[in-house]
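Quick notes on the structure that follows.
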Amino acid sequence: MHFVFLIFGIMISFLSIGQKKTIDQKVDSVLKLMTLDEKVGQMNQYNGDWDATGPITADGDKQNQIRKGMLGSMLNVTGVEHTRQLQEIAMQSRLKIPLLFGQDIIHGYRTTFPVPLAEAASWDLNAIQLSARIAATEAAASGVHWTFAPMVDIARDPRWGRVMEGAGEDPYLGSLIAKARVNGFQGKGLGNTDALMACAKHYAAYGAAIGGRDYNAVDMSLNTLWEIYLPPFRAAADAGAATFMNSFNTLNGIPATGNGYLQRDILKGKWNFKGFIVSDWNSVGEMIPHGFAKDNYDASLEAITAGNDMDMESRSYINNLSKLVKDGRVNMKLVDDAVKRILKKKFEMGLFEDPFKFSNKEREQHQWNNSENLEAEKSMAEKSIVLLKNDNQLLPLLKQKNIALIGPFIKGIRDNLGFWSYTWPDDSSRIVSAWQGIKNKVGSNVNLLYAKGCNINDTSHAGFSEAIATATQADVVILNVGEAADWSGEAKSRSNIHLPGVQEELIRAIYATGKPVVVMINAGRPLIFNWTADHVPAILYTWWLGTKAGDAIADVLFGDYNPSAKLPMSFPRDEGQIPIYYNYFNTGRPAKGDSDLNYVSSYIDLPNSPKFPFGYGLSYTTFSYSDIKLSAASFKPGQTLTASVVVTNTGKYDGIETVQLYTRDLVGSVVRPVKELKGFQQVSLKTGANKTITFHITANDLKFYNNKLEYNYEAGDFKIFIGTNSHDVKEASFALVK
Ligand code: BGC
């Protein structure tokens with residue numbers, strides 16, 4: 001009898017879902033039907049059985065648990081067939097609540113885009129948004145609902161392997177890119193079948209791991225947290241990111257996963273975030289080794305109290321949360337709030353209407369080798385390549401008779417994709433190596449010579465003589481070196497970020513032949529290569545560029561694309577300078593220059609300046625900047641100051657320049673950085689052409705967090721800088737008056 005009523009109740013509720021109710025009402029009507037265990041089930045997420053991105057817990061019973069309503073979401077279940085199979089099982093559960101399928105769609109799915117740090121170097125927000133859009137379209141067609149991206153962690157430490165996943169060191173650029181990526185993933189809205197729910201991660205300050213060692217503790221002032229590390233998260237929340245992921249690290253002694261200040265006070269409180277928060281992989285359980293929780297019962301209590309809604313892979317919630325409620329330790333309201341947030345997203349995704357909406361074989365196939373996506377990928381790759389050096393205009397190359405292609409990456413195929421990319425059976429035929437791209441570009445009149453020279457991390461010089469002989473026969477040499485593709489990424493911290501093995505020795509040996517040498521460096525982070533930077537005439541930073549890497553590289557080498565990218569991170573001269581970033585504080589004893597050692601803040605064995613500064617990147621053409629023209633010497637809150645420069649293309653090629661605006665607040669109630677990026681504009685100029693670039697500055701742009709963490713501007717004197725990178729700038733002064 002009881003059972004009959006229940007079924008009737010479920011039918012009534014689900015029928016009423018179809019009627020004109022708001023999503024919140026629909027959520028409430030489902031919640032009413034749920035047992036405590038079913039609620040906790042919605043807060044539980046397991047890895048699929050096919051792939052893993054963290055330490056696996058053996059569990060042969062997952063399907064049964066889905067059937068029992070003990071699972072709300074799965075990650076790493078790939079492809080329409082698999083997602084459909086598991087969703088069918090969810091449809092056998094009592095309440096038929098659909099599963100959410102999440103996956104790390106970080107820089108593409110089938111079409112792999114440049115690693116996110118490389119994309120950030122483009123400073124091209126539309127292109128970055130398009131890249132995320134395409135990734136979403138492809139993954140959503142394969143049954144994925146939710147990407148664990150964008151990673152919006154600011155990173156000032158290139159030893160940290162995860163710098164490749166983010167947008168670099170700057171909060172302003174990072175915030176704009178966070179917004180572009182959220183908009184790209186979520187498209188026109190979650191109800192559409194080509195939208196992925198975004199997930200801003202890792203909340204928060206994960207990028208500041210001490211010593212650049214992944215998962216390490218983070219200790220920072222609240223001013224730095226608010227000023228540098230939180231803005232991209234705020235931007236993601238404001239852009240409507242459906243979800244957030246918390247992080248593995250402690251922040252000032254409290255694990256992010258159990259951190260109520262971050263999750264309840266800031267994100268769900270001050271920022272009014274309405275989505276849900278997922279833990280990182282086992283980060284609920286990891287509060288035990290952190291020394292913050294005694295056991296999983298305790299960890300669950302800390303996590304839910306602090307605002308963590310879904311437990312990824314630690315099984316803490318599923319095994320303890322119901323008991324915590326029954327023991328009176330957790331208020332049911334907290335569970336209800338978490339479940340509502342999760343169900344709401346499932347409704348917004350349209351999964352209650354059609355749980356298989358994303359599992360569509362035809363759509364999956366249609367997206368398989370989409371030529372438009374590949375074209376967009378090539379374009380993004382071109383925009384990501386940074387020209388670090390080009391003495392005597394060695395680049396672009398002419399199609400000379402004999403070109404030697406040397407180095408461990410020249411014929412690399414899968415290498416081009418970098419960490420967080422997917423392997424497909426036909427990778428070897430669809431990914432374009434540098435060798436193949438150049439071969440396609442130069443045609444049969446050019447003789448391409450090849451020698452590997454050495455492996456990535458060799459100690460042996462055995463391949464050098466062949467490489468030298470090959471170089472000797474050539475008119476020009478292209479040398480492709482770098483770090484292994486899986487040397488940056490999660491758990492890929494390195495204490496030594498010099499070019500690995502004997503690669504720099506190989507460069508010296510080839511350079512000694514007297515042939516013109518172009519070096520291309522593949523990496524997911526800033527590397528150190530001082531000898532090369534000081535001697536070799538032409539250097540391109542080629543990161544991990546994705547499916548069409550070789551085509552993009554060939555376009556740049558031979559001048560079909562004029563490089564326009566700018567570094568989103570400072571490149572150190574040595575690991576000893578790390579953390580290194582352009583927006584540092586002046587100190588009371590600032591050095592006057594790199595050789596000033598007179599009781600100033602400097603190293604006696606190393607300049608303070610980076611090898612290549614934030615915002616740096618050359619073009620085949622040159623740009624000149626006029627002095628800055630200000631609309632006034634001072635302005636008041638409520639008014640707008642305009643600053644303009646005339647930028648002229650003074651070189652021989654058409655080109656794109658990213659004009660960067662920085663300010664410095666000379667005196668503050670807390671000290672301010674020597675420069676802060678406040679704006680940039682990309683301008684495309686034909687050779688000989690010029691354009692006036694105008695920036696508008698208001699008092700709001702000059703706000704910062706004072707020592708009470710109030711966000712406001714302070715009247716006083718400012719400097720303004722406009723230029724081609726954070727170092728080479730024109731300068732002017734203005735005042736903000738009351
Ligand atoms: C990573 C996350 C990722 C998750 C799921 C974790 O180890 O830190 O960035 O989204 O695994 O793959």
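Read-outs: derived from the displayed coordinates by stated rules, not from any lab. Note that the structure is a prediction, hence the values are computed from the model and not measured. No Cβ is skipped: glycine too gets one built from the backbone with ideal geometry, and neighbour counts run over all protein chains shown.
For labels at A632 and N223 in the simple 7 Å Cα→Cβ model, what's the distance in nm?
2.9
If you take the C-alpha gyration tensor of segment 162-258, multiply each eigenvalue by 5 and take the square root, what semi-axes do you get, largest first, in whole Å?
Details: eigenvalues 128, 37, 27 Å².
Gyration-tensor ellipsoid for segment 162-258: 25, 14, 12 Å.
Report the semi-axes of the equivalent ellipsoid for segment 647-699 in whole Å, largest first, where each axis is √(5λ) for an eigenvalue λ of the Cα gyration tensor.
31, 11, 8
About its Cα centre, what dipole magnitude does the chain give when the only charges are +1 on Lys and Arg Cβ and -1 on Asp and Glu Cβ, stated in debye to the nearest 20?
1500
Translational diffusion coefficient of segment 595-738 at 20 °C, 1.002 mPa s, Stokes-Einstein with Kirkwood Rh over Cα pairs, in µm²/s as a whole number.
128
Once each part is reduced to its C-alpha centroid, what is the distance from segment 25-81 to segment 685-738 in angstrom?
Between the Cα centre of segment 25-81 and that of segment 685-738, the gap is 49 Å.
Roughly how compact is segment 412-469, stated as its Cα Rg over 2.2 N^0.38 Å to two decimals?
Dividing the Cα radius of gyration by 2.2 N^0.38 Å gives 1.41.
Scan around N480 for amide H atoms under 5 Å from its own, H built in the peptide plane at 1.01 Å from N, and keep only partners 5 or more places away or cross-chain.
The answer is I406, G407, F409, I410, M520.
Of all DSSP beta bridges located in the chain, what percent are antiparallel, nearest 5?
For the chain, the DSSP antiparallel bridge percentage is about 55.
So how compact is segment 124-199: Cα radius of gyration and Dmax in angstrom?
12.8, 40
Tell me the mean residue ellipticity at 222 nm calculated for the chain from its helices only (DSSP H runs of n ≥ 4, each -39500 (n - 2.57), averaged over every residue, nearest 500).
Only helices count here, giving -8000 deg cm²/dmol.
Indicate the gyration tensor shape class of segment 318-446 (rounded, prolate or oblate), computed on the Cα atoms with a ≥ b ≥ c the square roots of the eigenvalues: a/c under 1.5 is rounded; otherwise a/b larger than b/c is prolate and the rest oblate.
Numbers: a/c = 3.56, a/b = 2.50, b/c = 1.42.
Here segment 318-446 falls in the prolate category.
How big is the gap, in Å, between the Cα center of segment 417-432 and the Cα center of segment 168-245?
About 27 Å separates the Cα centre of segment 417-432 from the one of segment 168-245.
For segment 267-323, go through all pairs of different Cα atoms, get the mean of 1/r, take its inverse, and jot down that Kirkwood value in Å.
11.4
Across 10 Å bins from 0, what is the distribution of all Cα-Cα pair distances for the chain, in whole percents?
The calculated distribution, bin by bin, is 3, 14, 23, 24, 19, 11, 5, 1, 0, 0.
How many percent of DSSP beta bridges within segment 153-300 run antiparallel, rounded to 5?
Taking every DSSP beta bridge within segment 153-300, about 20 percent pair in antiparallel fashion.
Taking 20 Å as the cut-off for C-alpha to C-alpha distance, list the pairs among K96/K344; K592/K629; K383/K548; K179/K629 that go past it.
K592/K629; K179/K629
Residue by residue through segment 721-737, what is 3J(HN,Hα) from phi via Karplus (6.51 cos²θ - 1.76 cosθ + 1.60, θ = phi - 60°)? Round to whole Hz and write x for glycine and proline.
10, 10, x, 8, 7, 6, 9, 8, 9, 8, 9, 8, 10, 8, 10, 9, 10
Residue by residue through segment 169-177, which ³J(HN,Hα) values in whole Hz follow from phi under the Karplus form 6.51 cos²θ - 1.76 cosθ + 1.60 (θ = phi - 60°), with glycine and proline marked x?
Each residue of segment 169-177 in turn: 9, 9, x, 6, 4, x, 6, 5, 6 Hz.
To one decimal place, what orientation-averaged projected area in nm² is obtained for the convex hull of the Cα set of segment 53-172?
9.0
What would the Debye formula give as log10 I(q)/I(0) at q = 0.22, 0.31, 0.32 Å⁻¹ for the alpha-carbon point model of segment 539-582, no solvent?
-0.82, -1.17, -1.21
With contacts defined as alpha carbon pairs under 8 Å and 6 or more residues apart, what's the relative contact order of the chain in percent?
RCO, the chain: 12 percent.
In whole percent, what relative contact order does segment 646-738 give with Cα contacts below 8 Å and a gap of six or more residues? Spell out each step's value before the answer.
Details: 179 pairs, mean separation 29.7, N = 93.
For segment 646-738, the relative contact order is 32 percent.
Pull up all non-local amide H partners of V386: gap of 5 or more, or a different chain, and H-to-H distance under 5 Å with H placed in the peptide plane.
Y541
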